[in-house]
Amino acid sequence: MEPLSVKVHSRDNVAIIANPEGLPAGTAFRDGLTLAEHIPQSHKVTLKDFDAGEPVIRYGQVIGYLNRRLPAGWWVREEMLDLPAPPPLDELPIATAVPDPLPPLEGCTFEGYRNPDGSAGTKNILGITTTVQCVAPTVDYAVRRIQNEILPRFPNVDDVVAITHTYGCGVAIDAPGAAVPIRTLRHISRHANFSGVPLIVSLGCEKLQPERLFPDQRLLSASLPSLPVLEDAPYVIRLQDTELRGFGSIVAAIMRYAEKRLEELDRRRRAICPASDLVVGMQCGGSDAFSGVTCNPAVGYAADLLVRAGATVLFSEVTEVRDAVHLLTPRAINEQVGRDLIREMKWYDEYLARGGADRAANTTPGNKRGGLANIVEKALGSVAKAGSSALMAVAGHGEKVIAKGLVFAATPASDFICGTQQLASMNLHVFTTGEGSPYGLALAPVVKVSSRTALAERWYDLIDIDAGRIATGQATIEDVGWEIFRFLMDVASGRKKTWADHWRLRHPDLGGSFL
Ligand code: CA
């Protein structure tokens with residue numbers, strides 16, 4: 001096989017090796033470069049002679065400074081790179097290079113479930129919300145029985161999912177930051193794939209009372225003597241109500257109300273919905289040095305297509321945006337959006353400072369094995385998922401996104417926490433991976449895109465789309481971007497199933513990752 005290397009930007013003075021087995025010492029490239037040592041796939045090779053202290057440039061940006069001399073053709077190992085200072089937050093250009101609106105993609109639709117609140121679901125799921133940890137094991141017990149004994153009678157309903165968590169009791173409910181899990185739980189409970197209406201299970205004595213969780217909504221008590229006609233208002237079952245005698249009676253109450261909701265959900269049918277009803281969350285996990293040249297740019301291309309179709313696209317992961325924020329603030333649609341983005345980065349800087357930690361803690365051993373030397377290199381590849389359109393809005397952790405177009409939704413980078421917080425708004429998820437992760441969520445379909453063909457072949461029944469073909473020249477970023485876009489429309493319409501849904505890979509305790 002011909003030696004292959006990938007250089008992303010004309011200014012780059014390193015490239016990454018693309019051949020799956022890496023390349024041996026003595027390999028000669030067409031441009032005259034000869035490797036001085038074996039370099040594994042996805043790791044960096046020097047394209048020139050470096051003096052100590054010289055910047056190493058990838059994606060046209062400085063990813064570090066070489067702390068030793070290194071001639072051309074050598075492997076740039078992580079310990080040879082000193083981390084540059086992060087972009088200074090008080091000196092960032094804001095709204096200085098706002099991209100022109102992309103040409104609209106007219107008439108893009110999918111077949112979704114129209115909800116009473118105007119949103120549209122990509123799935124039809126009964127959601128059971130819990131207000132406090134104490135009810136979680138009981139609700140889990142009831143859900144197992146509902147899935148086995150009741151759900152099979154309602155073939156148009158995809159699933160029954162309990163939103164359980166470790167929150168809701170008296171501990172520090174007004175503490176700084178407590179608003180984040182509460183609003184995340186509120187928005188997830190009204191998820192578009194739950195038809196916007198939850199069934200609520202409360203204990204009775206908890207601080208996070210149902211009325212506190214949903215202050216603006218009428219709630220129906222399940223203690224009413226007879227079951228009234230179901231409306232859009234959610235039902236609340238309180239386990240401490242005196243009508244409920246014994247565990248069997250408690251479980252029966254949950255199952256009875258679940259059955260009523262399932263009857264209602266089962267009558268729904270998919271209908272044509274505009275693509276503007278889609279809120280697509282982008283995320284990466286287990287990234288490698290290919291992520292930034294294959295799957296993330298392809299997902300970025302798909303993000304642009306979604307924006308052109310009128311959808312909302314979320315990108316997140318504060319820890320991975322921080323070192324690329326100088327590339328994003330110029331794209332902010334206005335001064336306020338730029339400032340909002342900087343606010344989220346400042347929060348992170350202050351959080352690190354409070355704990356005496358530093359941002360070098362992100363990257364993982366897997367990232368490094370995959371050729372990502374540090375967080376700067378990881379960040380530059382990560383933000384490629386955001387495509388090229390203007391940044392229209394910024395949402396805080398767990399906030400509901402209203403805006404259309406490209407939106408930064410602040411979340412940690414940790415996969416399930418990011419996904420959980422994105423679920424406050426998203427009804428479709430794209431997850432890119434280089435090292436591989438069998439990630440999945442219960443509430444929204446997760447489309448997994450691999451950075452390398454070797455991973456897509458090894459995990460043939462976990463990876464939905466192989467973007468590794470971009471590195472070997474078998475496909476372009478545009479080809480794979482369109483493939484992702486079309487697959488997303490099929491998945492949103494229920495015409496195709498992701499591997500994560502095929503295997504029912506889902507976090508068993510969505511709320512466990514709120515804090
Ligand atoms: Ca992640």
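Per-structure values
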{"quantity": "Sorted largest first, extent of segment 357-515 alpha carbons per principal axis (Å)", "calculated": "41, 40, 35"}
{"quantity": "Theoretical ellipticity at 222 nm over the chain - DSSP helices of four or more residues, -39500 (n - 2.57) apiece, nearest 500", "calculated": "-7500 deg cm²/dmol"}
{"quantity": "Of all accessible heavy-atom area on segment 454-500, the percent that carbon and sulfur account for (1.4 Å)", "calculated": "50"}
{"quantity": "Accessible area of segment 1-85 divided out per residue, in Å², using a probe of 1.4 angstrom", "calculated": "48"}
{"quantity": "Heavy-atom accessible surface of segment 1-85: percent carbon and sulfur, 1.4 Å", "calculated": "51"}
{"quantity": "Per residue, in Å², the accessible surface of segment 367-491 once ligands and nucleic acids are set aside, probe 1.4 Å", "calculated": "27"}
{"quantity": "When each of Lys400/Lys497; Lys448/Lys496; Lys378/Lys497 is checked by Cα-Cα distance, pairs over 18 Å", "calculated": "Lys400/Lys497; Lys378/Lys497"}
{"quantity": "J(HN,Hα) series, segment 434-442, from Karplus relation 6.51 cos²θ - 1.76 cosθ + 1.60, nearest Hz, glycine and proline x", "calculated": "x, 6, x, 8, x, 5, x, 10, 6"}
{"quantity": "Carbon and sulfur %, accessible surface of segment 366-429 computed with the full protein complex present, 1.4 Å", "calculated": "60"}
{"quantity": "At most 13 other Cβ within 10 Å, DSSP loop - GluC sites (Glu not before Pro), segment 74-130", "calculated": "Glu106"}
{"quantity": "Sites matching trypsin sites (Lys or Arg not before Pro) across segment 242-284 that sit in DSSP coil, with at most 12 neighbouring C-beta atoms within 10 Å", "calculated": "Arg245, Arg267, Arg269"}
{"quantity": "Estimated D of the chain in µm² per second, where Rh is the Kirkwood radius over Cα pairs and Stokes-Einstein applies at 4 °C, 1.567 mPa s", "calculated": "54"}
{"quantity": "Partner lysines for Lys404 [C-alpha distance under 23 Å; skip if fewer than 8 residues away on the same chain]", "calculated": "Lys123, Lys385"}
{"quantity": "The chain - percent relative contact order, Cα under 8 Å, separation 6 or more", "calculated": "18"}
{"quantity": "Heavy-atom accessible area per residue - segment 125-266, 1.4 Å, Å²", "calculated": "41"}
{"quantity": "Sequence-distant residues sharing a close amide H with Thr411 (under 5 Å, placed H)", "calculated": "Glu317, Val318"}
{"quantity": "Kyte-Doolittle mean at least -0.5 and Cα axial length at least 18 Å: DSSP H helices in the chain", "calculated": "246-266, 295-308, 477-492"}
{"quantity": "5 angstrom amide H check on Leu428, placed H, neighbours 5+ away", "calculated": "Val279, Gly281"}
{"quantity": "Sparsely packed trypsin sites (Lys or Arg not before Pro) within segment 1-33, loop by DSSP, other Cβ within 10 Å at most 10", "calculated": "Arg30"}
{"quantity": "For Ser5, residues with placed amide H under 5 Å, excluding near neighbours", "calculated": "Ala18"}
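The values are calculated or read from the model by the stated rules, or taken from the named source; none is laboratory data. A quick note: this is a predicted structure, and the numbers were derived from the prediction, not measured. Cβ: placed from backbone, ideal geometry, glycine included. Neighbour counts: every protein chain shown. Each accessible area value is taken on the protein alone, full model and side chains, heavy atoms only, with ligands, DNA and RNA left out. Shrake-Rupley method; radii C 1.70, N 1.55, O 1.52, S 1.80 Å.
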